[in-house]
Amino acid sequence: MFPFRKKTPPPPSVPPEIPIGTVEGAPPQPVPETRRRKWARRISRGFAIFAVTFILLVGWLALTAPLSKSLEPIAPPEVTLLASDGTPIARAGAIVDAPVKVSALPKHVTGAFLAIEDRRFYSHWGVDPRSVGRAVWSNVTGGRTQGGSTITQQLAKFTFLTPKRTLGRKAREALIAFWLEAWLTKDEILERYLSNAYFGDNTYGLRAASLHYFYRQPEKLTPAQAAMLAGLVQAPSRLAPTKNPDLAAKRMKLVVDAMVDTGTITAAEARAMRTPRIDVRARNDLPTGTYFADWALPEARRLSDVGYSRQTIRTTLDARLQGIARRVTSRAAPGKAQVALVAMRPNGEVVAMVGGRDYAASPFNRVTQARRQPGSTFKLFVYLAALKDGKRPDDLIDNRAITTGSYQPKNAGGAYSDTITLEDAFATSSNVAAVRLLREVGDDKVIRVARDLGVTSPLARGDPSLALGTSSMTLLELTAAYAAVAANSYPVVPHAFKEEEAGWFERWFTGPRHFPSGVHDDIEQMLRAAVNRGTGRAARLPQANFGKTGTSQDSRDALFVGYANGLVVGVWIGNDDNSPLQGIYGGGLPARIWRDFMVQASGQGGPRKAPPARAEDPGTPVQPLDIPEIPAIPIDDKTSVGVKDGNAVISTEIGGTKVDLKLPIGDRPPVPPPAPAQTPP
C-alpha cells in the first residue's frame, strides 16, 4: 500500500530443540498423558453423565410421580346422584374418607401394619435388601411366594403404577420408592399408605375401612380390630370379613403373632384376643348404575371437588317422568327389539332417559352411545336450510318419481304427484321432494344447519341420500336439535345438572343464536302439519304439538321426535344387530309411545275422576259455604242487621209493624217468601 516504505525483514527463526534420541526431520511425537490426568478426565466425564442423568431422572419423576398425587384417593370417591326432587337414584364410586394422621393413631394400630407388612420400615431407604433377598430365596427354593415390597414400594405401586408384574415395573417401583423417601418423612409415607390402601368391599383407606367394618374411627380401634384390618391388605377381595370371615380370622392370627414378635403386644394380650365382631351399618340399596347415571357420572366427577369426601349431587332427572318413561317403554318393544327414549326441556335439561329394555342385561346406552340412521327425522335440517334460503311452506316442488341417475328413491306407498307444496311434502314425508330440495339448496347448507343445531356426527357430502337420513347419529343429539327448534335458540347442549345463568359477557359474545322469526314460524307450521295430518297422526295431542317421524332403510330404525307442553322427546326402536324390524315404522309404535309419554307427563294419563253428580234443587235457600250465619246486630232501638240463609237481613219497625228486608249476597237473586200453605179440599 505504501511502496516507498522499506520492509523490515523478519527475525531469524530459531530451530526448535530436537529431543535426544529423535531423528532430525521426523514428525513430532505427542507428549504422553500422565495417569493422573486420565483419571481426572474420566471422573469429570462420569460426573457430567451422572449430573445429566440425575436431572433427567428428577424431571421424569416430577412428571410421572408428583408427590401431590399420593395425597389424592387412588379410586374416585363415592358420588350419590339425586333426582331434581332430591330422590336418590344411583350411587357409584369407592368408599373413601378423610386421611389419617400417624400421630393420632394408637401404637397398636400402626404396629399391626408394620409388623405384618414392613418391620424395618423406619430403618430402610425405600427398598429393604433383606426382604428382597428373603423373597428371592423363598421363591427359588419353592417356599411360600413372597413379594418383598416395603410399605414405600406398595405406596409407589398403587399410587403411580399399574398392578402388572414385570421386571420393568419393579424397577420403576424401586425408583419411585427412593424418590418418596428422599422428599417425604417416614410418617408422611405411612400416612399416605394407610389413607389409600384397599381393604375390600370397595373401601379405600384406613378411616373408611374402620367405619365400614367396625363403625368406629381408626383412632379408637382395639388391637384385635387393628390386626383384622392389617391382615386384609394382602388380598382384600379374598379376605374381606363380610365375605370370608374364616379366612379373615385366620389371617388376623398371623398378624397377632407378628405383633407379638415385634413387641407391639405381649403374648398374654395375644392369647386373650378374640376375633372382633363385624358391624357393617351402611347398606347401599341404590343401583350403582343406570342409563342416566352412567351418562351423568363423568360430568359429576368434573363438577365435584377433588379429595376424599363423598359427594351428593342433584341432577335434572325428574323421578316422575323417569317412571313414566320406564312404563311406556317396558311394554312397547316386541320381540328382541330395543327401545330408547330421552326427554329434555327446551334448554337441554335431560329429565328422563331409557337407553334400552333392561340395564342389568345390557348397560349399553342406545340414547347416547348407539349411532343409528335417523331416517326422515333428518328432513328437519333439509327444510330448515331451504327456509333460510328464502323458500316458503306454500312453495311448490316436483313430486314425480325419480327415474334417472344412480340414486332413485321411492315414496312410501308409491304416492306421487306432479307438484306438491313444501308443507305437504314435509307432512307426508315425500322422499323424492326431499332429495330434490337437497339438490336445490346444496348439502353444504344442510350440513351447516345440522352443525348449528348441535349435530357432531359425521355427515356425508355429495350423497343425495343424506336428505333421507342415511348418516348415523345418536338419539341424544337428534333430540337436542329438535329442542333448539322448540326453544328458538341454538345450539342446545343436553346436560344432567343445572347450569348457572350466563353473564352479560357470555350472552353478548358467546350467547345462543336464534332463527329469523319467519323461518321459525314456518318450520313449526310444517312440524305441526306432520302430526295433525301427516305421517305422525298417531302422536296427536289435544294441545299444540310438533314432531316428525323417521324410518330408515328396510325399517332397521323407527323414530319419532317432537315437542309439546315444554318437553322435547325422542323415541327410537331397533335391533342391536341392525336387522330389519317387522311391521314397525316411525309413524306407528314410536309415535304411540311418544304420545303415551306426553299424555301421562301432562297428568292426563291417570284414571279420570267422575264429574260430581248434580244435586237436586232443594227448593229452599242454600247456605253458601263461605258465608257464615251472623246473628242480628242492633243498630238502634228499632233496627238490626244480620246474615241468614245467604242473605243480608235488615229488620226494622215501620209504623209499629216489623218488616224484614232480605238482600242477596253476591250474584244470587233475592229469595222470594214461601207461598202460603194450601189446605186440601
Discussion item. Strictly over 18 Å apart at the Cα level, which of LYS101/LYS220; LYS101/LYS250; LYS186/LYS250 would you flag in this model?
Written reply: LYS101/LYS250; LYS186/LYS250
Worksheet item: If you take the C-alpha gyration tensor of segment 298-378, multiply each eigenvalue by 5 and take the square root, what semi-axes do you get, largest first, in whole Å?
Response: 27, 15, 14
Worksheet item: Per-residue HN-Hα couplings for segment 314-325, Karplus 6.51 cos²θ - 1.76 cosθ + 1.60 at θ = phi - 60°, whole Hz, x for Gly and Pro?
Response: 8, 9, 8, 4, 9, 4, 5, 5, 5, x, 5, 4
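Considering only the other residues whose Cβ falls under 12 Å of the Cβ of PRO236, what net charge follows from Lys and Arg at +1 and Asp and Glu at -1? Could the numbers behind the result be given before it?
Details: positive: ARG238, LYS243, ARG251; negative: ASP201.
With Lys, Arg at +1 and Asp, Glu at -1, the neighbours total +2.
As an exercise, find the ratio Rg/Rh for segment 227-281 from alpha-carbon atoms, using the Kirkwood inverse-distance average for Rh.
Details: Rg = 11.4 Å, Rh = 11.6 Å.
Expressed as Rg/Rh, it is 0.99.
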Worksheet item: So who's got an amide H within less than 5 Å of the one on THR288, skipping anything under 5 residues away but keeping other chains? H placed 1.01 Å off N, in plane.
Response: ARG91
Practice prompt. Go through segment 570-576 residue by residue and turn each phi into a ³J(HN,Hα) via Karplus (6.51, -1.76, 1.60, θ = phi - 60°); whole Hz please, and just put x for glycine and proline.
Written response: x, 10, 10, 10, x, 9, 4
Discussion item. Would you report the distance distribution of C-alpha pairs in segment 305-463 as whole percents per 10 angstrom bin, up to the bin with the largest distance?
Written reply: 9, 27, 27, 24, 10, 3, 1
Worksheet item: Let a ≥ b ≥ c be the square roots of the eigenvalues of the Cα gyration tensor of segment 187-234; is it rounded (a/c under 1.5), or, if not, prolate (a/b larger than b/c) or oblate?
Response: rounded
Worksheet item: Using the C-alpha gyration tensor of segment 338-601, what are the square roots of 5 times its eigenvalues, in whole angstrom, with the largest one first?
Response: 26, 23, 17
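Net charge within 13 Å of SER210 by Cβ-Cβ distance, Lys/Arg positive one each and Asp/Glu negative one each, not counting SER210 itself?
Values: positive: ARG207, ARG216, LYS220, ARG281; negative: ASP97, ASP201, GLU219, ASP279.
Neighbour charge sum, excluding SER210 itself: 0.
Segment 395-522: percent of C-alpha pairs farther apart than 26 Å? Can you show the working numbers first?
Numbers: 2676 of 8128 pairs.
When all Cα pairs of segment 395-522 are counted, 33 percent exceed 26 Å.
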Worksheet entry | Cα pair distances in segment 375-419, grouped into 10 Å bins until the bin that holds the longest one, percent each | 22, 44, 34, 0
Response to the item:
Long-range amide H partners of ASN399, meaning residues 5 or more apart or on another chain whose placed amide H is closer than 5 Å, are SER417, THR419, ILE420
Worksheet, complete the sentence: For segment 404-526 the mean separation of alpha carbon contacts under 8 Å (6+ apart) over residue count, i.e. relative contact order in percent, is 22 percent
Worksheet item: Among the listed pairs LYS107/LYS253; LYS336/LYS445; LYS157/LYS498; LYS388/LYS498, which are separated by more than 30 Å between their Cα atoms?
Response: LYS336/LYS445; LYS157/LYS498; LYS388/LYS498
Worksheet item: Can you list the residues, at least 5 places off or on another chain, whose amide H is less than 5 Å from the amide H of ASN575, using H built in the peptide plane?
Response: GLN338
Response to the item:
Within the under-12-Å Cβ sphere about ARG392, not counting ARG392, Lys/Arg +1 and Asp/Glu -1 give a net charge of -4
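We did not get these values from a lab; they are worked out from the coordinates using the rules stated. Everything quoted here is computed from the prediction, not taken from an experiment. Cβ coordinates were reconstructed from backbone atoms using ideal geometry, including for glycine residues, and neighbour counts include every protein chain displayed.
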